[in-house]
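Participant: If you scroll down you'll find the structure; I have some questions about it.
The values are calculated or read from the model by the stated rules, or taken from the named source; none is laboratory data. Since we're looking at a predicted model, the values are computed, not measured. Here the Cβ positions follow ideal geometry from the backbone for every residue, glycine too, while neighbour counts run over all protein chains shown.
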Amino acid sequence: MEYSALRKMMVENQLIARGIKDQRVLQAMLKVPRHLFVREEDLYRAYDDMALPIGEGQTISQPYMVAKMTELLELKGDEKVLEIGTGSGYQAAILAELAREVFTIERIASLAEEAESRLRQLGYDNVYVFVRDGTLGLPEHAPFDRIIITAGAPEVPEPLKKQLADNGIIVAPVGSRYSQQLVKIEKLKEEFRQSYHTLCLFVPLIGEYGWND
Ligand code: SAM
């Protein structure tokens, strides 16, 4: 089967069937070639309902989780977004389809380099990749309209809350090292409103405001 047909099945059976409604998110998931973000040996299951290994003990997240987190960000098109955990670059590509600019941070240099070259080859010139501890954010580029953390955090790092713009939104998996829940934080006039969503399991966020290595 062609990859575009597999993508269509993924969107219908994994996303729409589970309640993803944002049409822009569904269109982005239909468009971005997920098979170009996985290892060659995983091509046959690039559109399956699961996270996949990308090397260095890290993963590209399950398609549903990417769609759900992106939907929670409520992107309209003009936002400056910060992602913590570039990994393969797949989530960054989805964000780049839906927002103005994407700043993405990865702590493992080899993954960041691969993701950056993939994103360049695909023509995403509104994504900027940084190698450092993402729990500290990017103070020199703050504030951000949206922040997404794609690794499991003990709590949302304080520096990231400080780098969020007014009316901004943070989405992050928060919990223990082995089980988390998606948390959405909305910043309304210096007040943070928190809501809880899907249960999930991410690799750990490692850093000064995350878990120890
Ligand atoms: N968003 C990625 C994608 O689309 O492929 C998946 C991310 S993977 C589940 C989590 C990533 O977070 C890993 O690549 C890991 O190295 C990275 N990570 C963990 N702690 C980090 C930190 N403090 N700063 C930046 N990246 C971090």
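Participant: Would you confirm whether any residue within the range 187-194 is modelled with pLDDT of 95 or more, surrounded by fewer than 18 Cβ atoms within 10 Å (Cβ to Cβ), at negative phi and among the polar types (S, T, N, Q)?
Facilitator: yes
Participant: Restricting the search to the range 173-198, which residues are in contact (Cβ under 8 Å) with a residue 60 or more places away in the chain and hydrophobic (A, V, I, L, M, F, W, C)?
Facilitator: Within the range 173-198, just L182 meets the criteria.
Participant: Next up: Please go through the range 155-164 and give me each residue that is in contact with an Asp or Glu (Cβ under 9 Å, 6 or more places away or on another chain) and touching a residue at least 24 places away in the same chain (Cβ under 8 Å), ordered by number.
Facilitator: P157, P159
Participant: Quick check on my filter: what residues within the range 68-87 are away from the ligand (no atom under 12 Å from the Cβ) and in a helix (DSSP H, G or I)?
Facilitator: K68, E71, L72
Participant: For the structure I just gave you, tell me whether I94 is part of a strand (DSSP E or B) and within 14 Å of the ligand (Cβ to nearest atom).
Facilitator: No, not satisfied.
Participant: Would you say T59 is assigned to a strand (DSSP E or B) and among the β-branched types (V, I, T)?
Facilitator: For T59, the condition - assigned to a strand (DSSP E or B) and among the β-branched types (V, I, T) - is met.
Participant: Would you mind stating whether K68 is under 20 Å from L205 (Cβ atoms) and either of a type in the set (D, E) or touching a residue at least 12 places away in the same chain (Cβ under 8 Å) (or both)?
Facilitator: yes
Participant: Of all residues in the range 101-118 being under 17 Å from L82 (Cα atoms) and more than 10 Å from the ligand (Cβ to nearest atom), which is surrounded by the most Cβ atoms within 10 Å (Cβ to Cβ)?
Facilitator: Going through the qualifying residues, I end up with V102.
Participant: If you don't mind, there's one more thing I want to ask. Return only the number of the condition from (1) in contact with a Pro (Cβ under 7 Å, 6 or more places away or on another chain); (2) more than 10 Å from the ligand (Cβ to nearest atom) that V25 does not satisfy.
Facilitator: Of (1) in contact with a Pro (Cβ under 7 Å, 6 or more places away or on another chain); (2) more than 10 Å from the ligand (Cβ to nearest atom), only one is false for V25: (1).
Participant: Could you list, in sequence order, the residues of the range 119-145 that are surrounded by 23 or more Cβ atoms within 10 Å (Cβ to Cβ), over 17 Å from F37 (Cα atoms) and within 13 Å of the ligand (Cβ to nearest atom)?
Facilitator: Scanning the range 119-145 gives G134, T135, G137.
Participant: Continuing with the same structure: Any idea which of (1) under 23 Å from G55 (Cα atoms); (2) touching a Gly at 6+ places or on another chain (Cβ under 8 Å) is the one R132 doesn't satisfy?
Facilitator: Tallying (1) under 23 Å from G55 (Cα atoms); (2) touching a Gly at 6+ places or on another chain (Cβ under 8 Å), R132 fails exactly one: (2).
Participant: Do we have I20 as away from the ligand (no atom under 11 Å from the Cβ), of a type in the set (A, V, I, L, M) and either over 27 Å from L136 (Cα atoms) or out of contact with any Pro (no Cβ under 6 Å at 6 or more places or on another chain) (or both) here?
Facilitator: Taking the combined requirement at face value, the residue satisfies it.
Participant: Further question on the same structure: For the range 17-57, how many residues meet the condition of being over 19 Å from the mean Cα position of the chain (by Cα) and either closer than 21 Å to L201 by Cα or surrounded by 14 or more Cβ atoms within 10 Å (Cβ to Cβ) (or both)?
Facilitator: 3
Participant: I would also like to ask the following. Please identify the pairs in which a residue from the range 199-213 that is closer than 17 Å to I54 by Cβ has its Cβ atom under 7 Å from the Cβ atom of a residue that is hydroxyl-bearing (S, T, Y) and within 7 Å of the ligand (Cβ to nearest atom), counting only partners at least 6 apart or on another chain.
Facilitator: Listed pairs, sorted by first residue: F202/T150; V203/T59; L205/T135.
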